[in-house]
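Since the structure comes first, as structure tokens, the remarks are kept for the end.
The numbers here are math on the coordinates, done by the rules we state, and not lab data. Just so it is clear, the model here is predicted, and its values are computed rather than measured. Cβ atoms come from the backbone with ideal geometry, glycine included; neighbour counts cover every protein chain shown.
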Amino acid sequence: MKLRVPPTLLFGRGRLADVAAILDELGAERPLVVTDPGVVAAGIAERLLGHLREAGHHAEVWDGVAPDPDEGHAERCRDRILEGGHGSVVALGGGSAIDAAKVAAVLATSGGKTSDYFGFDTVRRPGLPLVTVPTTPGSGAEVSSHAVIVQLSPRKKEVVAGLHLLPRAAIVDPELTLTLPAPQTTWSALDGFVHAVEAFLARRATPLTDSFARPAVPAIARALPRVLADGADMEAREDLSLGCLYSGLAMANANAGAIHALGYPLTGRYGIPHGLANALVAAPTLERIWPGRPERCAELARLLGNEGAGAGPEELAANVRRFLVTLGVRGGLSGHGVCEEDLPELAEAATRFRPVLDNTPVALGREDLLAVYRAAWPGD
Ligand SMILES: [Fe+2]
């Protein structure tokens, strides 16, 4: 068994103020705060900058990250680090800002360009000290040792993965999620929910990853509807952020599964947000996975509200659908712009995500994947 987690994890309301002390512990100087314009507009970057400067750090902000960052974002961020003489990086934002910052931090010390490091364990030396501060619950990027970066030509998602991508510290402050609009909160937390479910069912699951996946599922299922009902309910936000931290730790070590393989083509082809795309295919995928892990699937069905004996694949799928409906996620693929005649092509595309398909406890070929898309297609 192997478990890889950042050496320091900080969790709690108001922890944003502790970033400076963590940098001091690390001996990290002249931090560059890497973020996106949305986080700046929400005033969070300015707050962090205030804390850092008050503590005597010479800090600056770079807000050049966009959703689905590509090689150019990582390299422009690296340029900014080098030009400013920065000795450390604080990634502030969602998965995109964190992933771009991870790659920039290693480029700054290893040299070369982003594409030199596509793949696993290609980075040979530590990057600049990196502290992650997520502002969205659910991506899990704050605790993982990989980054997803878009290759520009031909345009496709690549991964840079290995020990040196692991942040030195992750600081999770639930108050930072307060300004995130409700739809993005739903999608991002649903991504976290699916990470926990897939890590729990994964072939690579171990007792160590289970210890995070198991509490994550009920925590997110309980807290997310409360957060959506009352955005000011800080107790619920705390539960949600903690559940998502657990799910990130589970996913970072056990990896995801077939739901992600089916979700990626929906995002690539139609621009459906990642967490929503996963949610739309989750129920029929789980129904098919049941025979590979019947006890665990039954446990999930119970965690999602079916206390009765004799729970089966249909009950698990029904419980997942009911959970999604309470969150306002409905309509099937047809309700989100997916054309029925595209389904075979989407299934073909889904077969290419080998690592997550191979991590799924049942073998799912092209016809199985197509059957899932067909089951997920009709509207309500
Ligand atoms: Fe995901």
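Over every Cα atom in the chain, the radius of gyration and the widest Cα-Cα span, Dmax, amount to 20.0, 63 Å. With unit charges on the beta carbons (Lys and Arg positive, Asp and Glu negative) and the dipole taken about the Cα centre of the chain, which residue among Cys297, Ala318, Thr136 sits farthest to the positive side? Value computed over the given set: Cys297.
Tell me whether segment 46-102 comes out rounded, prolate or oblate; compute the Cα gyration tensor, take square roots of the eigenvalues as a ≥ b ≥ c, and use a/c under 1.5 as the rounded threshold. It comes out oblate by the Cα gyration axes.
Considering only Leu82, Leu245, Leu333, the Gaussian network model of the chain with Cα springs below 10 Å gives its largest mean-square fluctuation to Leu82.
With no solvent and one point on each alpha carbon, what is the Debye value of log10 I(q)/I(0) for segment 280-380 at q = 0.10, 0.11, 0.17, 0.23 Å⁻¹? Log10 of I(q)/I(0), two decimals: -0.29, -0.35, -0.82, -1.23.
Dividing the C-alpha radius of gyration of segment 98-159 by 2.2 N^0.38 Å, with N its residue count, gives 1.12. D by Stokes-Einstein for segment 48-187, Kirkwood Rh over Cα pairs, 20 °C, 1.002 mPa s: 141 µm²/s. Evaluated at q = 0.16, 0.17, 0.18, 0.19 Å⁻¹, the base-10 log of the normalised Debye intensity for segment 182-376, with identical point scatterers placed on the Cα atoms, takes the values -0.97, -1.10, -1.24, -1.38. Charging the Cβ of each Asp and Glu at -1 and of each Lys and Arg at +1, and nothing else, the dipole of segment 289-380 about its Cα centre rounds to 280 debye.
Based on DSSP H runs of at least 4 residues, each adding -39500 (n - 2.57), what is the mean residue ellipticity at 222 nm of the chain after dividing by all its residues, to the nearest 500 deg cm²/dmol? Working shown, then result.
Values: 15 runs with 194 residues, N = 380.
When only DSSP H runs of four or more count, the value is -16000 deg cm²/dmol.
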